[in-house]
1. So in region 1-55, with the set limited to residues that are open to solvent by 60 Å² or more (accessible area, probe 1.4 Å) and not in a helix (DSSP H, G or I), which one is modelled with the lowest pLDDT?
2. Pairs needed: first member in region 13-40, among the small types (G, A, S); second member anywhere, at pLDDT 80 or above; C-beta distance under 6 Å; at least 6 residues apart or different chains.
3. State yes or no: is A59 exposed (fewer than 12 other Cβ atoms within 10 Å of the Cβ) and at pLDDT below 85?
Amino acid sequence: MIVFVSAAALLLAIVIVLIRQGYVRLGSAAACIALGFCLASTGLAPIITRALTAVARLASLR
C-alpha cells in the first residue's frame, strides 16, 4: 500500500511539472486522469495492480 501511495505522489508531481513546463496541457492531463479512474473500475484493475506490484518488487530487489 505504501508503494502505491508513493507511486501516486510521484506521478502527481511529474504531471504537475509537465503541466507547468508546458509539455502537457491541462486538458490532456485531465483526460489521463479520467482514463485512470475508468481503468480502476474495470476488470483490468487487478492486472494493473499486480503489474505495479511486480515492478515495485523488482525496484526494491526483494
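The values are calculated or read from the model by the stated rules, or taken from the named source; none is laboratory data. Values in this document were obtained by computation on a predicted structure and should not be read as measured data. Quick reminder, even Gly has a Cβ in these numbers, built from the backbone with ideal geometry, and neighbours come from all protein chains shown. For accessibility, only protein heavy atoms count, side chains too; no ligands or nucleic acids. Shrake-Rupley method; radii C 1.70, N 1.55, O 1.52, S 1.80 Å.
1. Result: M1.
2. Pairs found: A29/V15; A29/I19.
3. yes
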